[in-house]
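Step one of this worksheet: look at the structure below.
The values are calculated or read from the model by the stated rules, or taken from the named source; none is laboratory data. Not measured: the values here are computed from a predicted model. Note that we place each Cβ from the backbone using ideal geometry, even for glycine, and neighbour counts take in every protein chain shown.
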Amino acid sequence: MSTREEKAEAGVVVPEFGTRGKAWIGVLVLAIVVGLGAWAYQLSQGLAVTGMDNVFSWGLYIMLFVLFIGLSAGGLIISSAPKFFHSDRYATLAPLGVLLSLACIAVAGLLLLPDLGRPSRITGFLTSPDFRSPLVWDFGIVVLYGLFSAGYLWLLTRRDLAKLGSRLAFGTEDTEDGREKDRKLAFWAAAIAIPLAIALHSVTGWIFATQIGRGDWFNPLVAPMFIMKALVSGLALLLVTAILIDRFTQYRLPKELVPELGKVLGVFVAVHVVYLVAAERLPHAWAAEFEFWAITSAFLVGDTFHFWLWTVVGGAIPIVLLAVPSLRQKLWAVFTASVLAIVGILFEGVYLIFTGYQDLNIADAPGVASGTDYAGIGSDVWVTAGNYTPTLIELLVTIGIVAIGALIVTLGLRFLPLQPGGGEPVSVGSTERATALIVTLGLRFLPLQPGGGEPVSVGSTERATANPDATTATDGGHDVPDEKTPHK
């Protein structure tokens, strides 16, 4: 008898990837391979193949680094809060949220490598760190955060892994005392996770806020805004992912939680886009020495549309969708609002980079007596003003790195018991157990037995004994379909 058959005899169903799951894996692997090829080309040719220059020294890599740091921090905060406050209502989403947090921090960390130009430069953070630089602190907390997320995810799933007989349990046994111990450990892990996540995105915000030469960045509200957009993007990503895998896999999202979480997301978006933006900009309108309207007029007349993509597409529209109770009850409305909120956070990062770099903070370039506003491609003149558009190489590298994060989530869904209530892992693309579940529920709630009588009570040994034709059985206190039950 094979190992899989032995587990089936023990009441543990071993999932397999279906056709769609395997196709999805293939697409992700292809994207990763193409991304590696593009990165190899960038390494051979240098950062000249990117759209960055001496004016825009940060580009797509850092824009997405900020986005994924926020997604990771927000996801961990949202997932840890129920554990910290001993609330079981949203705790069923905690393993999925921590998995997303782990995948996002992995993507964020990997995005730093192509931005450095030479990966060997990463050793400088270890061999000769300058602790006066926020970058050093950010690098350290990213590494610590990633290790913590991996350990936290294992803590939340190890008892169910042991129940399944998975090697990922690493010797853990599934006992009631062990589960009670893990519930206590989860509280303390959440107590660490929340301040750690806040520190992660605060330090990232301080990288910008400590740049005294960049007027739009040198702002005490940058770090609080980073925390708020982490909450927005983290919760939005959790909702988007849960809705999608509920649609395409056996993961079952408790639908009653969607309107409640949608309301919370709407409040987060309103605080971020309405209150904090007003708190940042309104005082400057009265500061005569600060050319507020001169700076603001750039995006008001359409020179940069990123601000409007952030505040309208990613702010106003989600607020409307989530503020109307009847709309908030609809899955499509919450899903759409969540996607738009993430898009808005992305373009807030784009807007942040552009406002910091597009305005000159020096009269002339170092060592250049006179220069043009823009040197143009192929010129040796040190530019004093420029524009940024990501190149195909940057896009391919970025897609490959994001695909790694998607692969982490996909494999987590395949091998970890993430669905609400624990139990078996999600079978990506599999329909057999979904059919068995429908049959079992039908036997439970429909009068299918001869004579009409009451519905069969799944898990009740008394009626199962009295009625040998009942097509349910129990195994160790868990209801499982009888082997004679047909699977379509």
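So for segment 123-135 (the condition being within 26 Å of Ala91 (Cβ to Cβ), part of a loop (DSSP other than H, G, I, E, B) and in the same structural domain as Gln45 (by TED's automatic domain parsing)), does at least one residue qualify? The answer is no; no qualifying residue exists. In segment 155-171, what residues are over 26 Å from Leu196 (Cα atoms), surrounded by fewer than 18 Cβ atoms within 10 Å (Cβ to Cβ) and either hydroxyl-bearing (Ser, Thr, Tyr) or touching a residue at least 40 places away in the same chain (Cβ under 8 Å) (or both)? The answer is Gly165, and nothing else. When the test is whether a residue is under 18 Å from Ser79 (Cβ atoms) and of a type in the set (Lys, Arg), Arg159 passes it. Out of the residues in segment 197-232 that are more than 19 Å from Leu276 (Cα to Cα) and touching a Phe, Trp or Tyr at 6+ places or on another chain (Cβ under 6 Å), which is modelled with the highest pLDDT? Looking at the filtered set, the residue picked out is Leu200.
Here Phe248 meets each of (1) modelled with pLDDT under 90; (2) of a type outside the set (Lys, Arg); (3) surrounded by 21 or more Cβ atoms within 10 Å (Cβ to Cβ) with one exception, condition (3). Within segment 183-191, can one find any residue that is among the hydrophobic types (A, V, I, L, M, F, W, C) and touching a His at 6+ places or on another chain (Cβ under 8 Å)? Looking for residues that are among the hydrophobic types (A, V, I, L, M, F, W, C) and touching a His at 6+ places or on another chain (Cβ under 8 Å), one finds at least one in segment 183-191, hence yes.
Residues are listed down the side, and each one gets a yes or a no for (1) assigned by TED's automatic domain parsing to the domain that holds Asp138; (2) among the aliphatic types (A, V, I, L, M); (3) over 12 Å from the mean Cα position of the chain (by Cα):
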{"position": "Leu28", "(1), (2), (3)": "yes, yes, yes"}
{"position": "Ile62", "(1), (2), (3)": "yes, yes, yes"}
{"position": "Ser72", "(1), (2), (3)": "yes, no, no"}
{"position": "Gly75", "(1), (2), (3)": "yes, no, no"}
{"position": "Ser87", "(1), (2), (3)": "yes, no, yes"}
{"position": "Asp115", "(1), (2), (3)": "yes, no, yes"}
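Can you find a residue in segment 74-96 that is farther than 30 Å from Ala191 by Cβ and either touching a helix residue (DSSP H, G or I) at 6+ places or on another chain (Cβ under 6 Å) or outside any helix (DSSP H, G or I) (or both)? There is no residue in segment 74-96 that is farther than 30 Å from Ala191 by Cβ and either touching a helix residue (DSSP H, G or I) at 6+ places or on another chain (Cβ under 6 Å) or outside any helix (DSSP H, G or I) (or both). Within segment 106-154, work out how many residues are in contact (Cβ under 8 Å) with a residue 40 or more places away in the chain and of a type in the set (Gly, Ala, Ser). The number of residues fulfilling the criteria is 6. The sole residue among Phe292, Phe299 that is assigned by TED's automatic domain parsing to the domain that holds Ala341, modelled with pLDDT under 60, over 20 Å from Leu238 (Cα atoms) and within 32 Å of the chain's Cα centre (by Cα) is Phe299.
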